[in-house]
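Nothing in this text is a laboratory measurement; each read-out follows from the coordinates by a stated rule. Everything numeric here is computed off the predicted structure, so don't read it as measured data. Because the Cβ atoms are built from the backbone with ideal geometry, glycine has one as well, and the counts that use them run over all protein chains shown.
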Amino acid sequence: MYVKLGRLVSAALAGLVLLSGSACGSGKEEGAVTVFAAASLTESFTKIGKDFEAANPGTKVTFNFAGSSALATQINQGAPADLFASAAPANMKTVTDTGNAEDTPVTFAKNQLVIAVRKGNPKGITSLADLARPGLKIALCAEQVPCGAAAKKALDGAKVKVAPATLEQDVKAALTKVKLDEADAALVYRTDAKAASAEVQAIEFPESASAVSEYLVVVLKKAPNKKGAEAFLAHVRSDKGMAALTGAGFQAP
């Protein structure tokens with residue numbers, strides 16, 4: 001009883017803080033919104049966050065971008081966050097299964113893999129099967145990470161055996177190996193290769209269609225700013241939010 005009362009008092013005080021800073025009852029959301037999002041959402045969510053802040057003066061969106069599996073673990077261990085955007089249903093499920101989601105997660109985007117190589121494609125890689133060539137250094141995401149799970153599905157479906165030179169904890173890290181010339185190629189999301197198009201080029205391959213990643217988002221049960229999180233989620237799913245996502249290379253859900 002005392003714990004519940006304490007939570008109610010804390011919630012009431014948090015509400016008073018937000019109200020005290022409001023701009024004459026404008027109806028706009030204010031306060032801090034903390035978003036845990038898959039690394040592959042870095043560019044698009046950063047843009048969406050700036051648009052959201054512009055539409056809601058007094059709001060500050062803080063992002064924690066990392067592999068979805070790592071983010072899910074952080075949330076389940078009590079890390080304070082308002083919203084979770086996962087690059088795969090499996091990682092979202094670990095959060096919902098522990099009762100840390102406020103509502104049912106919704107799918108807001110999809111993504112496909114490409115082969116990222118250095119500009120000019122010095123190794124002449126043109127297909128998924130080429131990744132099995134002897135002597136090539138291939139970077140993959142670890143299997144517990146959505147881009148790793150998608151890569152495994154595509155490779156297994158095509159019966160292509162790859163011995164990766166490195167297994168990374170998020171897609172940005174895998175892509176960085178190619179940028180730094182520490183890998184000849186990496187299986188990454190189309191959106192990440194597009195964001196790094198000044199340094200790498202993307203090789204599309206048909207097998208990626210069998211391993212499409214589904215992105216889900218949910219407001220968290222212990223969100224410090226639940227209303228702000230709900231408003232941000234609505235902004236992500238708005239026409240402007242979807243334009244930012246599709247512009248980055250994501251597919252509509």
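Structure notes:
- Modelled spin-label separation between residue 121 and residue 77, with each label point placed 7 Å from Cα along the Cα-to-Cβ direction: 4.2 nm.
- Residues whose amide H comes within less than 5 Å of that of residue 221, counting only those at least five positions distant or on another chain, are 101, 102 (H built at 1.01 Å from N in the peptide plane).
- Calculated from backbone phi, Karplus (6.51, -1.76, 1.60) coupling profile of the range 83-94 in Hz, x at Gly/Pro: 9, 10, 10, 9, 8, 7, x, 4, 6, 5, 4, 5
- Charge tally in the Cβ shell below 13 Å around residue 243, where Lys, Arg are +1 and Asp, Glu are -1, residue 243 excluded: +1
- Each residue, residue 252 and residue 132, gets one label point 7 Å from its Cα in the Cβ direction; the gap between the two is 3.8 nm.
- For residue 240 and residue 163, the FRET efficiency from 1/(1 + (r/R0)^6), where r spans their Cβ atoms and R0 equals 45 Å, is about 0.55.
- Ordering of 139-147, 85-93 by burial proxy (mean other Cβ atoms within 10 Å per residue, highest first): 139-147, 85-93
- Listed by chain and number, the aspartates and glutamates whose C-alpha is less than 14 Å from the C-alpha of residue 123, apart from same-chain residues fewer than 8 away, are 181, 182, 184.
- Computed from the Cβ-Cβ distance with R0 of 41 Å, the FRET efficiency linking residue 50 to residue 212 stands at 0.90.
- Averaged over residues, the count of other Cβ atoms within 10 Å places the peptides 103-111, 227-235 in the sequence 227-235, 103-111, highest first.
- Two-site label geometry, residue 103 and residue 181: point separation in nm, points 7 Å out along Cα→Cβ: 5.1
- Ranked by the mean number of other Cβ atoms within 10 Å of their residues, highest first, the peptides 186-192, 49-55 fall in the order 186-192, 49-55.
- Cα gyration tensor shape of the chain, rounded if a/c is under 1.5, else prolate or oblate by comparing a/b with b/c: prolate
- Lysine pair count for the range 126-196 [Cα-Cα under 18 Å; pairs on different chains or 8 or more apart]: 11
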